[in-house]
Amino acid sequence: PFTQAGAAAFARGRAYAAAKVGDKADADLQLALEYISDPRVRLSVLQTMGANREQVLNNDETALEAYRKIADSNTATGSAEYFTGLQGAARILTRRGEYDEALKVLHLVDTEKLGGSWSGSMLLARARTLQAAGRNVESLKAYRAVVSSTSALEVHREFAAQAIIQLEKK
């Protein structure tokens, strides 16, 4: 029934994405967006769509479109889907050399107010972008904030510590 079409298309789209059948995944995810009205679920569909386009279809342009829709969202801005979408947009913009735009996207979240693993994760995304932009002093500051964060995951702190060592060698 049409009331289940969005959920079914989303489930099948996720399965296709996991199986790395990118074109079919994208078609189902687009269909899911036509039927799903719940804002949080729509963010999840867009996040899956962006990841599929970026990692399976290797199409940064269309992946960025999906991630930007997440960044433009005014709902569920504290969700994993939102944070992951911001990081996806920043990652692509950084690859394209659009560092200021990437940082603008990452600044949509106040890392000072984040807790848990997202604090370290978002700080790392910012530090990587700053490092790629050649802004090593600011990058070091962000990496050091991750190392000193009590809420950051150990893997985030270890990555940041290694990045600090590498940057200080320069």
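Could you tell me whether the stretch 80-88 includes any residue that is surrounded by fewer than 18 Cβ atoms within 10 Å (Cβ to Cβ) and either assigned to a helix (DSSP H, G or I) or not β-branched (Val, Ile, Thr) (or both)?
Within the stretch 80-88, one or more residues are surrounded by fewer than 18 Cβ atoms within 10 Å (Cβ to Cβ) and either assigned to a helix (DSSP H, G or I) or not β-branched (Val, Ile, Thr) (or both).
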Query raised in the report: Any chance the stretch 69-77 includes a residue that's open to solvent by 30 Å² or more (accessible area, probe 1.4 Å) and part of a helix (DSSP H, G or I)?
Result: yes
Report summary line: Per the list (1) open to solvent by 20 Å² or more (accessible area, probe 1.4 Å); (2) under 23 Å from residue 65 (Cα atoms), residue check on residue 106 breaks on (1)
Query raised in the report: Does residue 123 satisfy the criteria of being touching a residue at least 24 places away in the same chain (Cβ under 8 Å), buried (at least 18 other Cβ atoms within 10 Å of the Cβ), of a type outside the set (Lys, Arg) and farther than 23 Å from residue 26 by Cβ?
Result: yes
Report summary line: Reported set for the stretch 24-44 where residues are under 13 Å from residue 5 (Cβ atoms), in a helix (DSSP H, G or I) and either within 13 Å of the chain's Cα centre (by Cα) or among the hydroxyl-bearing types (Ser, Thr, Tyr) (or both) is 35
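Of the residues 143, 99, which is farther than 22 Å from residue 45 by Cα and either surrounded by 19 or more Cβ atoms within 10 Å (Cβ to Cβ) or of a type in the set (A, V, I, L, M, F, W, C) (or both)?
143
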Query raised in the report: What is the one condition in (1) open to solvent by 60 Å² or more (accessible area, probe 1.4 Å); (2) not in a helix (DSSP H, G or I) that residue 55 does not satisfy?
Result: (2)
Query raised in the report: What pairs come up if the first residue lies in the stretch 35-49 and is under 19 Å from residue 63 (Cα atoms) and open to solvent by less than 30 Å² (accessible area, probe 1.4 Å), the second is among the β-branched types (Val, Ile, Thr) and part of a loop (DSSP other than H, G, I, E, B), and their beta carbons are under 7 Å apart, counting only those six or more places apart or on different chains?
Result: 45/36
Report summary line: Per the filter on the stretch 1-23, residues without any contact (Cβ under 8 Å) to a residue 24 or more places away in the chain, open to solvent by 90 Å² or more (accessible area, probe 1.4 Å) and part of a helix (DSSP H, G or I) are 3, 4, 12
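The values are calculated or read from the model by the stated rules, or taken from the named source; none is laboratory data. Only a predicted model underlies this, so the values are computations on that prediction, with no experimental measurement involved. Counting neighbours? That spans all protein chains shown, and the Cβs are built from the backbone with ideal geometry, glycine included. Accessible surface areas use protein heavy atoms only, side chains included; no ligands, DNA or RNA. Shrake-Rupley method; radii C 1.70, N 1.55, O 1.52, S 1.80 Å.
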